[in-house]
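First comes the structure, then the notes that go with it.
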Amino acid sequence: MVSKKTNGLIVVDENNRPVGTIDSFNLIKAMVPSYLHADPGLAKFEPEDVFYKAVSQSLNKTVSDMMEELHGVVVHEDDPMIMAATLASKHNFRYVPVVSESGELEGLVSRTDIKRAMAELLNISDNVK
Amino acid sequence: MFSVAIAVFIASYTAIVSERIHRTTVALAGAVLLVVLGVLHQEEAFSAIDFNTIGLLIGMMIIVLITSKTGLFQYVAIRAAKLAKGEPVRIMLYLAVVTAVFSALLDNVTTIMLIAPVTFVIADNLKINPIPILITEIILSNIGGSATLIGDPPNILIGSAAGLSFMDFLVNLAPVIVIIVPVVLYIMYRVYRKQLKTTDELKVNIMKIDVASTIKDVKLLKKSLFVLAVTIIGFLLHGALHLEPATIALFGAALLLVITDTHPEEILRGVEWTTIIFFAGLFILVAGIEKVGVLEMLSDWVLRLTEGSMPATTMAMLWGSGIFSSFIDNIPFVATMIPLVHELGNSGLDTQPLWWALALGADMGGNGTLIGASANLVGAGLAEKAGYKLSFKQFFGVGFAVMIVSMLISTVYIWLRYL
């Protein structure tokens, strides 16, 4: 994610079918130990090296441990835009995968894509700077 | 009817012990099956549910849910660690005592869920393995819980069924717990003192923690402490006031909801309904075999075995309960034993010593293995999620020894006091 300068990825199975999404929020969530999730107030008493410890422990986790499962949240190329927008808003996913008839990953709709589509309709151009 | 009731009962208990299906699903399905198959009428099934137990559980859960939002438990735990001057072995002993006291007033599982996160943070600061401390806390939560009527589900069940008051439990069980706790602490000290070493620089970390900042909401804390005090006084007096324990607990819960003006929805969602339904189902399952006369037969069998001798029956109850409870969940076990003790009472035996033997056996037995009590399993789960390992073998190594020692002390106590 860091090398590609992106904040999210789509996880596919061996048949190139999307199964989950993973973004920076999932990575952070997987790194923070569950007892601090249960009692966030305690985090301020932890020594500095606990961050390092938690990060190295989370290295053992696989992508499938950390990703959010899609459970069939995909759109087809000819689905209406409002469907992509509804799914993105309902599931908090950074990207909604676009799949072919046979379910293979073809592309994605990002939040930015949806934002741009909204701007286009409202005649807001993006070269204001 | 006879064989149907037994078949449903045995099938349900086997499924509960095997843990393949959730125990609440099993209890619910078994209970409904008894009604569908005509062993019990719906009315009989509903009246078998002991609403005193159910009300007490719900009331205490609400009080704890609101109080745990104040940071009180973290405050006390960190205070204890500072009082121990950051010395790991001392911290282990102090936190164990804190856990024992909390679990005498709260449910053991709740106590472990509150104390474990603080323990991990303290261990991080000292760069020590938290597992010895966690095991000590788990063991002491099971022991401390047995001192009072409200400390452990088996005690709630027994108190309600036998009409024993909070005071009765305190007078009869607290003395032996006061003897068991220091002995067990000494065992834990001997076992773990070599593993718990840290440096003086790291001890300073503990002393630097600003303990006052653990309190999240001072106003809520004051109200919670007030209601806790009212509730405990209520428990101490409920016998004299002729009020059932459930009334006291629900009074405290309602009072806290009223004076804090908390939205009930969030709190009521936090009540462990799965546990509540489990209890309700168990009551009905036991009522099924009670109705067809199985427990009468069992009682006759026990009496023939012990030749009706009071000491023999009491000791059989104590050790039988201890051994059973170290391998199976003590809640279904105690729920089944209660009508059996009533039957034994009908045959002319004095039930008082039998109740205390059942309570001590079931509670102490929980320390025997990792699967003996829910607090053990919850503790192991929390440790695993925090990146540590608490294995069956590791727990068994010390838990079983502790169980035998506390059972021996209980044996002597019951012998001297009641037989």
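Here is a yes/no grid of residues against (1) small (Gly, Ala, Ser); (2) in a loop (DSSP other than H, G, I, E, B); (3) more than 14 Å from every other protein chain (Cβ to nearest Cβ); (4) within 23 Å of B:PHE9 (Cα to Cα):
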site	(1), (2), (3), (4)
B:ILE331	no, no, yes, yes
B:VAL334	no, no, yes, yes
B:LEU354	no, no, yes, no
B:LEU360	no, no, yes, no
B:ILE371	no, yes, yes, yes
B:LEU377	no, no, yes, no
B:GLU384	no, no, no, no
B:TRP415	no, no, yes, no
Look at B:LEU250 and say whether it is buried (at least 17 other Cβ atoms within 10 Å of the Cβ) and either out of contact with any strand residue (DSSP E or B) (no Cβ under 7 Å at 6 or more places or on another chain) or aromatic (Phe, Trp, Tyr) (or both). yes
Might you check whether a residue that is crowded, with 18+ Cβ neighbours inside 10 Å, over 19 Å from B:PRO130 (Cβ atoms), acidic (Asp, Glu) and within 20 Å of the chain's Cα centre (by Cα) occurs anywhere in the range A:68-87? yes
Taking the range B:19-42 and keeping residues under 30 Å from B:ILE150 (Cβ atoms) and free of Cβ contacts under 8 Å to residues at least 12 places away in the same chain leaves B:GLU19, B:ILE21, B:THR25, B:VAL32
Note: among B:VAL271, B:VAL294, just one is over 30 Å from B:ILE6 (Cβ atoms), at pLDDT below 95 and not polar (S, T, N, Q), namely B:VAL271
Please enumerate the residues belonging to the range B:79-105 that are buried (at least 24 other Cβ atoms within 10 Å of the Cβ) and farther than 14 Å from B:ILE133 by Cα. B:PHE102, B:SER103, B:ALA104
Return yes when A:TYR52 is among the aromatic types (Phe, Trp, Tyr) and within 14 Å of chain B (Cβ to nearest Cβ) and no when it is not. yes
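Among B:ILE143, B:ILE133, B:ILE138, which is at pLDDT 95 or above, crowded, with 24+ Cβ neighbours inside 10 Å and in contact with a Gly (Cβ under 8 Å, 6 or more places away or on another chain)?
Testing whether each residue is at pLDDT 95 or above, crowded, with 24+ Cβ neighbours inside 10 Å and in contact with a Gly (Cβ under 8 Å, 6 or more places away or on another chain) leaves just B:ILE138.
Every residue, every condition in (1) assigned to a helix (DSSP H, G or I); (2) away from chain A (no Cβ under 14 Å); (3) surrounded by fewer than 19 Cβ atoms within 10 Å (Cβ to Cβ); (4) free of Cβ contacts under 8 Å to residues at least 60 places away in the same chain, yes or no:
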{"site": "B:LEU196", "(1), (2), (3), (4)": "no, yes, no, no"}
{"site": "B:MET207", "(1), (2), (3), (4)": "yes, no, yes, no"}
{"site": "B:LYS219", "(1), (2), (3), (4)": "yes, yes, yes, yes"}
{"site": "B:ILE233", "(1), (2), (3), (4)": "yes, yes, yes, yes"}
{"site": "B:LEU255", "(1), (2), (3), (4)": "yes, yes, yes, yes"}
{"site": "B:ILE277", "(1), (2), (3), (4)": "yes, yes, yes, no"}
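If I filter the range B:32-59 down to residues being touching a Phe, Trp or Tyr at 6+ places or on another chain (Cβ under 8 Å) and assigned to a helix (DSSP H, G or I), which single residue comes out as farthest from B:SER12 (Cα to Cα)? Show your work before the answer.
First, pick out the residues of the range B:32-59 that are touching a Phe, Trp or Tyr at 6+ places or on another chain (Cβ under 8 Å): B:48-50, B:53-54, B:57, B:59.
Subsequent filtering for residues that are assigned to a helix (DSSP H, G or I) retains B:48, B:53-54, B:57, B:59.
Details: B:ALA48: 17, B:THR53: 21, B:ILE54: 21, B:LEU57: 23, B:GLY59: 28 Å.
Only one residue tops the list, namely B:GLY59.
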Take the residues of the range A:6-28 that are of a type in the set (D, E, K, R) and under 23 Å from A:VAL109 (Cβ atoms): which is nearest to the other protein chains (Cβ to nearest Cβ)? A:ASP23
Given the criteria outside any strand (DSSP E or B) and either touching a residue at least 60 places away in the same chain (Cβ under 8 Å) or touching a Pro at 6+ places or on another chain (Cβ under 6 Å) (or both), does A:ALA54 qualify? yes
Residue count, the range B:344-398, condition of a type in the set (Phe, Trp, Tyr) and crowded, with 19+ Cβ neighbours inside 10 Å, comes to 3
Can A:GLU46 be described as within 11 Å of another protein chain (Cβ to nearest Cβ) and either touching a His at 6+ places or on another chain (Cβ under 7 Å) or of a type outside the set (A, V, I, L, M) (or both)? yes
B:VAL178 surrounded by fewer than 24 Cβ atoms within 10 Å (Cβ to Cβ), out of contact with any Pro (no Cβ under 9 Å at 6 or more places or on another chain) and aliphatic (A, V, I, L, M): yes
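The values are calculated or read from the model by the stated rules, or taken from the named source; none is laboratory data. Just so it is clear, the structure is predicted and the values come from calculations on it, not from any experiment. A quick note on method: Cβ atoms are made from the backbone with ideal geometry, for glycine too, and the neighbour counts reach across all protein chains shown.
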